[in-house]
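Encoded as structure tokens, the structure appears first; notes follow it.
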Amino acid sequence: MSLGMRFLPAASTGAERFESFFDVYLVIGTLLFVATLGACFYFVFKYKRKTENDHTPYIAGNYIVEFTSIFLIAMWAAVFFLWGWHDYKDLISPRQDEYEINVIGQQWNWQIQYTNGKNLTNEMYVPINKPVKLIMTSKDVLHSFYVPAFRNKADTVPGQFTTLRFEANKIGTYHLFCAEFCGTAHSKMIGKVHVVSQDDFKKWLDGAYVAPKEEAFSQINDKPLANLSLAELGKKVYQEKSCNTCHSINGARVIGPSFKGLFGSEVELIGGEKVSVDENYVRESIMDPMKKIVKGYSPSMPTFRGMLSDEEVNQLIAYMKTLK
Ligand code: CUA
């Protein structure tokens with residue numbers, strides 16, 4: 001049962017934990033507020049000057065009172081810090097079998113890319129009781145992906161991937177907001193997140209799910225692009241932007257490292273530093289190829305800045321993930 005945020009729907013496992021935390025915080029805060037103000041008023045009346053000759057006694061201090069109050073406040077802060085840290089750590093930790101969805105923020109809408117190639121604007125479908133990982137970026141300025149019902153938000157940053165994790169546990173349609181002032185139409189950068197049953201989600205991915213009328217929102221581009229999955233689109237990018245000239249997909253050494261088994265692995269750079277090949281590393285290597293060169297290869301790749309859109313980068317990464 002939740003006291004404080006009862007007026008807001010809670011629809012994720014993280015939201016429930018947030019609620020418990022907030023409730024305790026609210027109760028203790030309210031008690032302290034009442035106690036402090038109560039003491040204030042009590043002393044105002046009790047020690048009100050009675051005659052013109054009343055004088056305030058001189059009190060130098062009371063170490064026991066000072067120490068106790070500082071100690072209690074410090075303990076209170078420490079408990080809430082540890083509790084909050086514990087929940088937060090859990091919220092951002094990877095889960096087994098996460099369902100990945102790409103999010104691109106731009107002025108002023110949200111682009112949602114699914115691995116099967118579906119592309120939506122301002123609308124997201126997620127299955128219930130399944131850990132979801134959003135891989136997010138921005139085309140222009142900072143935005144922030146915020147779903148109040150999940151009590152969860154994260155900035156989207158141009159030129160970089162950020163992640164947001166949640167597990168929805170209540171079927172329904174929830175608000176999606178941009179929570180970072182991003183320009184004139186910031187307040188219109190809103191959307192919907194639909195939490196549907198796992199069966200309905202599969203149907204929706206296959207294009208067979210019909211949304212109830214009140215649920216439908218924008219329905220823009222709710223079709224796989226040319227019926228290709230994100231990875232298949234990535235394969236086209238791989239060929240059309242001639243990544244294939246220098247990067248093989250079968251493990252053969254050409255000019256650059258082969259894409260086979262590359263994503264998710266750890267590579268050693270010139271200089272001995274080791275980095276894991278994740279979304280951010282791949283993106284950086286596409287845009288800024290001279291920055292982190294894999295040991296044993298010559299620095300010969302040109303930048304693809306401006307030649308690959310954020311959508312195409314996501315497609316290419318989806319393709320690389322399939323090259324095990
Ligand atoms: Cu995007 Cu505010």
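So, in the range 172-206, exactly how many residues are farther than 14 Å from N129 by Cα and either within 11 Å of the ligand (Cβ to nearest atom) or in contact with a strand residue (DSSP E or B) (Cβ under 9 Å, 6 or more places away or on another chain) (or both)?
24
Run down V275, V267 and say which single residue is out of contact with any helix residue (DSSP H, G or I) (no Cβ under 8 Å at 6 or more places or on another chain) and surrounded by 15 or more Cβ atoms within 10 Å (Cβ to Cβ).
Details: V275 fails: out of contact with any helix residue (DSSP H, G or I) (no Cβ under 8 Å at 6 or more places or on another chain).
The match here is V267.
Go through (1) hydrophobic (A, V, I, L, M, F, W, C); (2) without any contact (Cβ under 8 Å) to a residue 60 or more places away in the chain; (3) closer than 30 Å to V147 by Cα; (4) not in a helix (DSSP H, G or I) for I59 and report which single condition fails.
Exception for I59: condition (3).
Taking the residues in the range 143-162 that are in a loop (DSSP other than H, G, I, E, B) and surrounded by 19 or more Cβ atoms within 10 Å (Cβ to Cβ) as candidates, determine which candidate is nearest to the ligand (Cβ to nearest atom).
Initial filter on the range 143-162 (in a loop (DSSP other than H, G, I, E, B)): 151, 157, 159-161.
When the remaining residues are screened for being surrounded by 19 or more Cβ atoms within 10 Å (Cβ to Cβ), the result is 151, 161.
On the way: R151: 19, F161: 17 Å.
Among those that are in a loop (DSSP other than H, G, I, E, B) and surrounded by 19 or more Cβ atoms within 10 Å (Cβ to Cβ), it is F161.
Would you check which residues across the range 146-162 are out of contact with any Gly (no Cβ under 7 Å at 6 or more places or on another chain) and at pLDDT 90 or above and list them?
Y146, V147, P148, A149, K153, A154, D155, V157, P158, Q160, F161, T162
State all residues of the range 119-137 that are touching an Asp or Glu at 6+ places or on another chain (Cβ under 7 Å) and either within 16 Å of the ligand (Cβ to nearest atom) or at pLDDT below 90 (or both); if no residue qualifies, say none.
The answer is L120, T137.
Only one of (1) under 26 Å from A10 (Cβ atoms); (2) within 16 Å of the ligand (Cβ to nearest atom); (3) not in a strand (DSSP E or B); (4) not hydroxyl-bearing (S, T, Y) is not met by D140, so which one is it?
(1)
Yes or no: F80 more than 16 Å from the ligand (Cβ to nearest atom) and of a type in the set (A, V, I, L, M, F, W, C)?
yes
Specify which of the listed residues (V313, V277, V294) is within 21 Å of F161 (Cβ to Cβ) and without any contact (Cβ under 8 Å) to a residue 24 or more places away in the chain.
Details: V313 fails: without any contact (Cβ under 8 Å) to a residue 24 or more places away in the chain; V294 fails: without any contact (Cβ under 8 Å) to a residue 24 or more places away in the chain.
Going through V313, V277, V294 in turn, the sole match is V277.
Which residues, counting only those in the range 89-118, are polar (S, T, N, Q), assigned to a loop (DSSP other than H, G, I, E, B) and within 16 Å of the ligand (Cβ to nearest atom)?
Correct list: Q107 only.
May I ask you to say which residue of F177, F166 is closer than 18 Å to Y99 by Cβ and in contact (Cβ under 8 Å) with a residue 24 or more places away in the chain?
Exactly one residue qualifies, and that residue is F166.
I'd like to know if the range 244-261 contains one or more residues that are more than 20 Å from I135 (Cβ to Cβ) and in a helix (DSSP H, G or I).
Taking every residue of the range 244-261 in turn, at least one turns out to be more than 20 Å from I135 (Cβ to Cβ) and in a helix (DSSP H, G or I).
The values are calculated or read from the model by the stated rules, or taken from the named source; none is laboratory data. A quick note: this is a predicted structure, and the numbers were derived from the prediction, not measured. Backbone-built Cβ (ideal geometry, glycine too); neighbour counts: all protein chains shown.
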